[in-house]
1. For Leu68, what charge total do you get from the other residues with a beta carbon under 15 Å from its beta carbon, if Lys and Arg give +1 and Asp and Glu give -1?
2. Would you calculate the separation in nanometres between label points at Val77 and Thr30, each defined as 7 Å from the Cα along the Cα-to-beta-carbon direction?
3. Could you give me the ³J(HN,Hα) list for the range 64-77, computed from phi with Karplus coefficients 6.51, -1.76, 1.60 and θ = phi - 60°, whole Hz, x at Gly and Pro?
4. Can you work out ³J(HN,Hα) from phi for every residue in the range 35-40, in order, using Karplus 6.51 cos²θ - 1.76 cosθ + 1.60 and θ = phi - 60°, giving whole Hz and x for Gly and Pro?
5. Taking 7 Å along the Cα-to-C-beta vector as the label spot, tell me the Asn54-Ser67 distance in nanometres, rounded to one decimal.
Amino acid sequence: MISRVVLSVLLTAAACFGQAERGTFNGSITDSSGAAVAGANVKIYNMATGVELNAASTEAGVFRAPSLSPGTYRITV
């Protein structure tokens with residue numbers, strides 16, 4: 001009986017970690033003709049903390065910046 005309670009508590013605690021306040025920027029980069037831009041350098045700057053992250057676009061022109069804390073960001077390509 002005690003092992004079931006311990007297992008239940010551990011499983012419940014593990015589920016709580018999924019409630020983190022994080023977000024993701026997803027985007028696509030195209031040129032003026034609408035063609036995808038591969039390998040573009042994307043800079044994501046957190047205005048409050050001064051932290052800058054870098055991402056690069058894929059062959060399809062898509063970029064992704066996961067696990068960002070809430071805030072105001074400036075994105076440049």
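1. Working: positive: Arg22, Lys43, Arg64, Arg74; negative: Glu21, Glu52.
After counting each charged neighbour, the total is +2.
2. Label-label distance for Val77 and Thr30, simple model: 1.0 nm.
3. 8, 10, x, 6, 8, 6, x, x, 9, 10, 10, 10, 10, 10
4. Residue by residue, the range 35-40 yields 7, 5, 9, 8, x, 5 Hz.
5. Result: 1.8 nm between the two label points.
Rule-based calculations on the coordinates, nothing more; no lab input. This is a predicted model, so every value here is computed, not measured. Counting neighbours? That spans all protein chains shown, and the Cβs are built from the backbone with ideal geometry, glycine included.
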